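Visitor: Input: one structure, supplied below.
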Amino acid sequence: MTEDKDRNETPQGQAAEERGDYVTHAKSIGSWLFSLDHKRIGILYAVTVAIAFLLGGVFALLVRAELLSPGEDFLSAQSYNQMFSLHGIVMVFGFIIPAIPGFLGNFLLPLHLGAKDVAFPRLNLASYYLYLLGVALILVAMVAGSVDTGWTFYTPYSARTGPSVLFLTMAVFIAGFASIFTGINFIVTVHKMRAPGMTWNRLPLFVWSIYSTSIVQVLATPVLGITVLLLFLERLLHIGIFDPALGGDPILFQHFFWFYSHPAVYIMILPGFGIVSELIATFSRQRIYGYMAIALSSVAIALLGFLVWGHHMFVAGQSVVSSVIFSLITYLIGIPSGIKVFNWIATMYKGSISFKTPMLYALSFLVLFTIGGVTGIMVGVLAVDVHLHDTYYVVGHFHYVMVGGTTIALLGGLHYWWPKITGRLYNEAAGRLAALLVFVGLNLTFFTQLVMGSRGMPRRYNDYLPEFTFLHQLSTVGSWIMGAGLFLVAIYLLVSLFRGKKAGANPWGGATLEWTHTGPRPDPHNFHRTPFVTRGPYEFDRIPELVAAHRDETPPDAQQNVHLNQDRT
Amino acid sequence: MANTSAAEQAAQERSLAHLKHYFVSSDQQFDAAKMGMWLFLVTEVLLFSGMFVAYAVYRVWYPEVFAVASTELNPWLGGLNTVILLGSSLTVALAIHAAQTDKRRALVVNLFVTVLLAAAFMVVKYFEYTHKFHLGIFPGEHFAYEEMGQRIVPIFFSIYYVMTGIHGVHVLVGIGVLTWLALRAMRGHFHSGYYTPVELAGLYWHLVDIIWIFLFPLLYLI
């Protein structure tokens, strides 16, 4: 007997409309802070992640401003070290790891699957608060004193420097658990919560990418957990496992750290791939080219990502044989990444492309991620890396992938789903201008760093030789342009909350379930009745009939509905 | 369902009281919970794997030091703890079986016996630790046991304390969870239609047991 499942499904029509959508149905602060609704938890993440991004961004602007001219300007060498460490730590653990899964993943995953919620809503809320606690501890560490280790916490320095390393390792440990629980939740949700008819090859590519991300989160993060726990004990009790003064091995720490932190960069970039797939399909009005190739290349990247951590340690003292092997496997990652890029381009071929703001971000992504990927292959080449290691070249490469890849994809996704999340449209002209500013600023900031790095400018220095002055100044000016673009985004999005035009249910003509089967803002329980999926996620030619069917739908035959629900696995 | 009597409907309501609204059926809810637990156990294995790697690395580098240092551990106490934990795995399995067959009394008794065995394990651990502290065997820098002066010996004990310590934390968590389940079982929360928490706690407890089965020979016997 499964009638019970229907107890919260109000019949179509009046009752549902009176109840309001997911924003308006309950208004107290508590109904947001303790909500088990995946959409509201997604919004909580969005706000927190945005604050972390602002903080990390301000640190970055300060670092760049200090580098405007050689010598110490307004930051001492020590505070410079703290600034770039905080920039790295806040951006990596506070922003870029949780941003897309926590915000868009939470909001969209059940909608994409045709489910009412994730598999474990309480665990979902707990993940959010663990993450929040982690961010709070990072801020405590900031107040408590110097964190000057960089985001990598290399021993033995991190075991000997100031006490705030204790807070930071705790923060990373806790935020790590938030990430693990989110991953478990999403994997189970994809496996067990799909609507009837939602087969694996009808999943939107965003789901595939979030699924691959979750695999990495679940398999890699525990190793980070034990690593920072050992570092915590090393700092507190001097247990000596990583401390050469006590006979320990600091290289072991690097192996542990990169066993997590290399897969972690795929935690950061894979969700971006998913967003870009959605954007390119919708704004080209084309069925995605090579659906399975894109889907499985995400999984391939997730798995290959576990086998390449040694390429961070070419000059750290590992054996030559392992360096060669790690270098070769690193090249392999270029294959699935290339498959994706070519498939996206093939999707656009002969499509009717509209250059709306989200699409501009998707196109920026294609350019920037390709630069990020190609420079990545270059630092993966054993001999070249010996020259480029610890120079600005690596900084430039990393930021092309993380800012040019993930952040740009997040911005694109934010604009694309903004009407669905808020029910409002933003100002399109301002959106395009901001996208242009960000694209120009980003290239100016980071391409100059690639050039400086290849000429031998080392990373993490607060001073430099006079011949680098011009390039450093260009890079700083670029950071201002990018900052201006991002502030513009913040302003027009906030304005649109109050003054924006009301959006319809499907302003872009998207074909995934959140566009075709929910109102302008989704219902608290997502769908008035469980969708029965009969098509793939990119069949744009069928949208008119689908939307019509959705509007006219009559209360379902109870018996038939039970039958359909029992069929799904 | 119009001809169902009110009493039958009430009985049906009660047996489905555990079903969350976002699941279609009890089976789906159970499968989801179980899959989530297995994934969590994978993360636990990976958490410990870091420590096993550290153990392996130092053991390969300094086999003779490990051979000497491990003689300080008492294999009889370790063996006793192994037997205790294996016994608790049996009782937790019996508890799951009792829940599946609606034997509430057997369920409660088996859960409490498991808790007692877990507590006994921690008591033995307590005596082992205090004995070592008494001798001055502390991890790392604070090591002060003069009979073992070699350089790497303190690292062996660091690894010993970290591995058994984190395992001990897992035992304590298990004690908390199993006690809570036993109290719920007394109030009749579990029956053959709904025993998910008992089964999941059982899975967790078996993992704690298996990790000890690896720790015991690696630290005490080899």
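Visitor: Right, B:LEU39: surrounded by 16 or more Cβ atoms within 10 Å (Cβ to Cβ) and facing another protein chain (nearest Cβ under 8 Å) or not?
Guide: Yes; evaluated as a whole, the condition is true for this residue.
Visitor: Moving on. Out of the stretch A:222-233, which residues are within 7 Å of chain B (Cβ to nearest Cβ) and under 11 Å from A:TRP258 (Cα atoms)?
Guide: If the condition is that a residue be within 7 Å of chain B (Cβ to nearest Cβ) and under 11 Å from A:TRP258 (Cα atoms), then A:VAL223, A:THR227 are the ones that fit.
Visitor: Sticking with this one: Please tell me if A:ALA65 is over 20 Å from the mean Cα position of the chain (by Cα) and either basic (Lys, Arg) or not in a helix (DSSP H, G or I) (or both).
Guide: no
Visitor: Taking A:LEU139, is it assigned to a helix (DSSP H, G or I), away from chain B (no Cβ under 14 Å), at pLDDT 95 or above and out of contact with any Leu (no Cβ under 6 Å at 6 or more places or on another chain)?
Guide: No: the conditions fail for A:LEU139.
Visitor: Going residue by residue through the stretch B:187-195, is there one that turns out to be within 14 Å of another protein chain (Cβ to nearest Cβ) and at pLDDT below 95?
Guide: Yes, because at least one residue in the stretch B:187-195 is within 14 Å of another protein chain (Cβ to nearest Cβ) and at pLDDT below 95.
Visitor: Pull out all pairs, ordered by first then second residue, where Cβ-Cβ is under 6 Å, the residues are six or more apart or on different chains, the first lies in the stretch A:365-378 and is within 13 Å of A:HIS311 (Cβ to Cβ), and the second is among the small types (Gly, Ala, Ser).
Guide: Cβ pairs passing all conditions: A:ILE377/A:GLY334.
Visitor: Considering only the stretch B:1-19, how many residues are at pLDDT 80 or above and either facing chain A (nearest Cβ under 7 Å) or crowded, with 19+ Cβ neighbours inside 10 Å (or both)?
Guide: 1
Conditions (1) under 18 Å from A:LEU205 (Cβ atoms); (2) without any contact (Cβ under 8 Å) to a residue 40 or more places away in the chain, marked per residue:
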site: A:MET313; (1), (2): no, no
site: A:VAL320; (1), (2): no, yes
site: A:SER323; (1), (2): no, no
site: A:ILE339; (1), (2): yes, no
site: A:ASN343; (1), (2): yes, no
site: A:TYR349; (1), (2): yes, no
site: A:MET359; (1), (2): yes, no
site: A:LEU363; (1), (2): yes, yes
site: A:ASP385; (1), (2): no, no
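Visitor: A follow-up question, please. Do we have any residue at all in the stretch A:40-56 that's of a type in the set (D, E, K, R), under 29 Å from A:LYS116 (Cβ atoms) and outside any helix (DSSP H, G or I)?
Guide: Within the stretch A:40-56, not a single residue is of a type in the set (D, E, K, R), under 29 Å from A:LYS116 (Cβ atoms) and outside any helix (DSSP H, G or I).
Visitor: Further question: Pull up the stretch A:343-367, narrow it to residues that are among the hydroxyl-bearing types (Ser, Thr, Tyr) and in contact with a Lys or Arg (Cβ under 9 Å, 6 or more places away or on another chain), then point me to the one that is surrounded by the most Cβ atoms within 10 Å (Cβ to Cβ).
Guide: Step by step, filter the stretch A:343-367, then rank; the result is A:THR357.
Visitor: Let me ask you something else. Any chance the stretch A:272-288 includes a residue that's in a helix (DSSP H, G or I) and within 11 Å of chain B (Cβ to nearest Cβ)?
Guide: No, because not a single residue in the stretch A:272-288 is in a helix (DSSP H, G or I) and within 11 Å of chain B (Cβ to nearest Cβ).
Visitor: Has the stretch B:77-97 got at least one residue that is within 14 Å of chain A (Cβ to nearest Cβ) and surrounded by 19 or more Cβ atoms within 10 Å (Cβ to Cβ)?
Guide: no
Visitor: What's the total number of residues in the stretch B:138-168 that are more than 13 Å from chain A (Cβ to nearest Cβ), surrounded by 14 or more Cβ atoms within 10 Å (Cβ to Cβ) and assigned to a loop (DSSP other than H, G, I, E, B)?
Guide: 2
Visitor: If you don't mind, another one. Return yes or no: is A:ILE180 within 14 Å of chain B (Cβ to nearest Cβ), modelled with pLDDT of 95 or more, in contact with a Ser or Thr (Cβ under 8 Å, 6 or more places away or on another chain) and surrounded by fewer than 24 Cβ atoms within 10 Å (Cβ to Cβ)?
Guide: Considered against the rule, which asks whether it is within 14 Å of chain B (Cβ to nearest Cβ), modelled with pLDDT of 95 or more, in contact with a Ser or Thr (Cβ under 8 Å, 6 or more places away or on another chain) and surrounded by fewer than 24 Cβ atoms within 10 Å (Cβ to Cβ), A:ILE180 comes out as no.
Visitor: Within the stretch A:235-247, which residues are within 8 Å of another protein chain (Cβ to nearest Cβ) and either in a helix (DSSP H, G or I) or crowded, with 24+ Cβ neighbours inside 10 Å (or both)?
Guide: A:LEU237, A:ILE239, A:GLY240, A:ILE241, A:LEU246 - these are the residues of the stretch A:235-247 that are within 8 Å of another protein chain (Cβ to nearest Cβ) and either in a helix (DSSP H, G or I) or crowded, with 24+ Cβ neighbours inside 10 Å (or both).
The values are calculated or read from the model by the stated rules, or taken from the named source; none is laboratory data. All values derive from a computational prediction rather than experimental measurement. Because the Cβ atoms are built from the backbone with ideal geometry, glycine has one as well, and the counts that use them run over all protein chains shown.
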